[in-house]
Amino acid sequence: PLPTPVVQLAVAFQQHRESFPMAKMQELSEESSSLLDEERQDQCCGCSSDPRQWLAWRSSTENRTAWKILCSCCISAYMAWYFSCVGSSVALWLCGIVFYLKILIEIWGQDTPTWACPGSPCLFVTMYVTGIPWFIGTLGYCTKTTSIQFPYRDLVAIALYLFGSLYSLGHEVHRFRWKAKSENKGKLYTIGLGTLCMHPNYFGDLFTYSGWALAAGTVFAFQLVLTSFWVLVVFVIPNSQAYLAERYSDEFPAYAESTATMIPFVRSKMLMNVLAWISLAGAVYCSMDVKACGF
């Protein structure tokens, strides 16, 4: 027979195993069920009920190669459509080629999900089913008439476009290389163009879109520039700021306090929001130039 202390220990262990885990499992099951219910209530068809979250691209870092291939195929198809629409315009061809190469670099240059290569089906639909087709259609298909004419328009358009593209791409490439160094792992990028504003790539994009719209030669095309500014200020930048604040909780608050958001030296959030809503009103006015689309 086993010694009495051993028997007592075995009996105590058996009682603990039978009582504690079941109670704990019941508690965990209830918590899990509650969380799932909250998640279901906050989603519709897999998307958050908050529209601001539809542009949240930082959700998943899985299956990046598959996402990159899918986005590359989609953007290639859209650009083929664009080039078939612009005819012999050198300025529009140049803008399209540079944009195509730039977006491929953004897709394949990093594993972090971005608007160019999302990590969620919801953002993919937002960008590749609605956003990019509207973008390409505005600058490619809707160039059937010309409402903006002045000497050297195409040269001014190309200059604006190249400046914006080089500004944005230069920032991204420098950030990629800086991040690739082991000593910078886990650190917030605050050097280079990042000293002027927190989102130099978005600032450069405004020049890119302005040059491209000018190359299109229509008032209708400028709705894209104005709408993009509104989307950046109201949706994209707050999402990016929230991600940076969570990812770099030690560094970001001081950086955000001392640095402009998107336009260098403009640090007033109220002013940026006022400009954004004025831009949206201007976009509505520009969208009335439907003759550019052949209507």
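The values are calculated or read from the model by the stated rules, or taken from the named source; none is laboratory data. Since the model is a prediction, treat every value here as computed from it, not as a measurement. For neighbour counting, all protein chains shown are included, and Cβ atoms are generated from backbone atoms with ideal geometry for every residue, glycine included. Side chains included, ligands, DNA and RNA excluded: accessible areas come from the protein's heavy atoms. Shrake-Rupley method; radii C 1.70, N 1.55, O 1.52, S 1.80 Å.
Summary table
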| quantity | calculated |
| --- | --- |
| Any hit, the range 109-125, residues being surrounded by fewer than 20 Cβ atoms within 10 Å (Cβ to Cβ), among the hydroxyl-bearing types (Ser, Thr, Tyr) and within 24 Å of residue 86 (Cβ to Cβ) | no |
| Hits in the range 159-178 (condition: without any contact (Cβ under 8 Å) to a residue 60 or more places away in the chain, touching a helix residue (DSSP H, G or I) at 6+ places or on another chain (Cβ under 6 Å) and either open to solvent by less than 50 Å² (accessible area, probe 1.4 Å) or polar (S, T, N, Q) (or both)) | 164, 167, 171, 178 |
| Among the residues listed as 129, 156, 98, the single one being assigned to a helix (DSSP H, G or I), open to solvent by 20 Å² or more (accessible area, probe 1.4 Å) and within 20 Å of residue 220 (Cα to Cα) | 156 |
| Of residues in the range 179-202 being part of a helix (DSSP H, G or I) and open to solvent by less than 40 Å² (accessible area, probe 1.4 Å), the one farthest from residue 261 (Cα to Cα) | 184 |
| Those helices (runs of 4 or more DSSP H) lying entirely in the range 218-295 with at least 2 residues in contact with a Cys (Cβ under 6 Å, 6 or more places away or on another chain) and crowded, with 18+ Cβ neighbours inside 10 Å | 222-231 |
| Count - residues of the range 85-95 that are in contact with a helix residue (DSSP H, G or I) (Cβ under 8 Å, 6 or more places away or on another chain), open to solvent by 20 Å² or more (accessible area, probe 1.4 Å) and free of Cβ contacts under 8 Å to residues at least 60 places away in the same chain | 2 |
